[in-house]
Structure formats: C-alpha cells, structure tokens
Amino acid sequence: EVFQQSSKAVCHYFNGTERVRLLEKHIYNRQLYVHYDSDVGYFVADSPMGESTARYWNSQPEMLEYRRSAVDTYCRHNYEVSTPFLVGRQ
C-alpha cells in the first residue's frame, strides 16, 4: 500500500501587500486533514484525523509564531521579489 503526505502553502494578496493571507494545507492520501489560515491564526482540523494534529500544533507557541511571521517572511518577501518579473510582462 502507498501512503502519501503533502503540504502546500498559498499566499493570497489583496491590494498588493496591503492585506496578505497565508493558507497552508496538509494532505494525507488526497484528503485535506488540517490547515493553517493566517486570518484565523491557528490550525483548523478538516477531518477527524486532523483533530489531534491541530490540537498538538496549536499547543506549540513557537510553531504558531513561526506561521504568523510567515505572512511577512514568506508571502510579502516573495511578492516583493517576484513582482518586478511578473507585473507588466506581456
């Protein structure tokens, strides 16, 4: 049997970097089981399997602080780096 785990981080930009949202999804065997939404500020379970994971990750203050800071260090940083190459290209 094959088991697959993956995660995906997506940044949503509203009006440039005025408002930025980080959405980090964790998937196991093609099922979303837990995600982090920077608008909420903590991990949310999407299935019964994700409840214990979300509870554990939310009990780790360092992990939550890392995710909260990722809006700046990951999303805003990548926006600033990528924008000159993407905006205005035809």
> Of the chymotrypsin sites (Phe, Trp or Tyr not before Pro) in the chain, which ones lie in a loop per DSSP and count no more than 16 other C-beta atoms within 10 Å?
Replying inline: Phe3
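GluC sites (Glu not before Pro) within the stretch 7-86: which are DSSP loop residues with at most 15 other Cβ atoms inside 10 Å?
Answer in residue order: Glu18.
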> How many nm is it between the label spots at Val2 and Thr73, if each spot is 7 Å from the Cα in line with the beta carbon?
Replying inline: 3.4
>> Using helices alone, I'd like the mean residue ellipticity at 222 nm for the chain: each DSSP H run of four-plus residues gives -39500 (n - 2.57), total over residue count, nearest 500.
In response: -10000 deg cm²/dmol
> How big is the accessible area of His26 in square angstrom, nearest 10, if you roll a 1.4 angstrom probe over the protein chains?
Replying inline: 20
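Report the trypsin sites (Lys or Arg not before Pro) located in the chain that are in a DSSP loop and have at most 13 other Cβ atoms inside 10 Å of their Cβ, or state none.
Taking the chain and a limit of 13 other Cβ atoms within 10 Å, the loop trypsin sites (Lys or Arg not before Pro) found are Arg30, Arg89.
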> How much of the accessible area of the stretch 5-83, in percent, comes from carbon and sulfur atoms when a 1.4 Å probe is used?
Replying inline: 49
> What is the spin-label model distance, in nm, from Glu65 to Ser52 if the labels are put 7 Å beyond Cα along the C-beta direction?
Replying inline: 2.8
> What whole-number value in Å² describes the accessible area per residue of the chain for a 1.4 Å probe?
Replying inline: 71
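The values are calculated or read from the model by the stated rules, or taken from the named source; none is laboratory data. Not measured: the values here are computed from a predicted model. Every residue, glycine as well, gets a Cβ built from its backbone with ideal geometry; the counts of neighbours run over all protein chains shown. Areas reflect the complete protein model, heavy atoms only, side chains present, ligands, DNA and RNA absent. Shrake-Rupley method; radii C 1.70, N 1.55, O 1.52, S 1.80 Å.
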